[in-house]
1. Could you work out the helix-only [θ] at 222 nm for the chain, with each DSSP H run of four or more residues adding -39,500 (n - 2.57) and the total divided by the number of residues, to the nearest 500 deg cm²/dmol?
2. Have a look at Pro24, Pro65, Pro157 and tell me which one the Gaussian network model of the chain (Cα, springs below 10 Å) gives the largest fluctuation.
3. In the chain, carbon and sulfur make up what percent of the accessible area (probe 1.4 Å)?
4. Say a site is exposed when it is one of the chymotrypsin sites (Phe, Trp or Tyr not before Pro), sits in a DSSP loop, and has at most 15 other Cβ atoms within 10 Å; what is then the longest site-free stretch of the chain?
5. Using only the Cα atoms of segment 1-69, build the gyration tensor, take square roots of its eigenvalues as a ≥ b ≥ c, and label the shape rounded, prolate or oblate: rounded if a/c is under 1.5, else prolate if a/b is larger than b/c, else oblate.
6. Please report, for the Cα atoms of the chain, the Rg to one decimal and the Dmax as a whole number; what are they, in angstrom?
7. What do you get for trypsin sites (Lys or Arg not before Pro) in segment 1-93 restricted to DSSP loop and a cutoff of at most 15 other Cβ within 10 Å of the site's Cβ?
8. Order Leu72, Leu56, most accessible first, counting only protein heavy atoms with a 1.4 angstrom probe.
Amino acid sequence: MIKTFTWSQIEELYFTAMHRDFPPKEIKPISLLHRLYKNGNCIGYGYYDNSTEEILQAYAIFEKPKKGNIWLLDYLAVNQNARGKGFGSAFLREMKETLNDAVAIMGEIERIEDAENEIQRQIRTRRKQFYLRNGWIETGVSTIADGKVHYEIICLPISQAVYGKEAVQAMKNIYETLFEPGMYQIFAQMHASSKKSGEFLVNFE
């Protein structure tokens, strides 16, 4: 079952599980998350096994933009002692039914091609395969955010699939809510049939 977190629960997760589950460079300042939460732009959910409703098995933190109803899945993790038991997939399935206010959910995953070594490449590959198995789609968009982390952007359709130009606009709305101008970049993938296929930086000016 899924329960909505209070701020105190998010704060506790921040200083415990999140620092174990995510690289330091990907963890946003607690002051930013608190501001987003107070403004209604941040929401957290916990997943509890029906047989052990008091034991948190997985958690997710979402950011809601000021404009539009396409959200960002900022953090998703299964507790260390619950991994490999299907809780992550079950959480995503139930979450899709819970997020009725969102048209779609965008996600950031570290780009496989930027992995520093073979172990990191395999970890990133497995992570992407997990999301694709659970209904997420590629968008053809990538970004640089969270202190110059290069992400591939994926999408979980709720009522519609979002990719291409719509995905670019969705990430712009999200990042404008989270960051100051100049703290992020958004790239679109040109069609493979184009003579200039590859990524190009989207200019919003």
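1. Result for the chain, helices only: -9500 deg cm²/dmol.
2. Among Pro24, Pro65, Pro157, the largest GNM mean-square fluctuation belongs to Pro24.
3. Carbon and sulfur atoms account for 49 percent of the accessible area of the chain.
4. The reported range is 1-178.
5. Since a/c reaches 1.5 but b/c is at least a/b, the shape of segment 1-69 is classed as oblate.
6. Gyration radius and largest Cα-Cα distance of the chain: 16.7, 56 Å.
7. Loop-located and lightly packed - Lys66, Lys67, Arg83, Lys85.
8. Sorted descending by solvent-accessible area, the residues read Leu56, Leu72.
The values are calculated or read from the model by the stated rules, or taken from the named source; none is laboratory data. Computed from a prediction, not measured in an experiment: that's the story for all the values here. In this analysis, Cβ positions are derived from the backbone assuming ideal geometry, glycine residues included, and neighbour counts consider all displayed protein chains. Note: accessible area is taken over every heavy atom of the protein model, side chains too, but ligands, DNA and RNA are not part of it. Shrake-Rupley method; radii C 1.70, N 1.55, O 1.52, S 1.80 Å.
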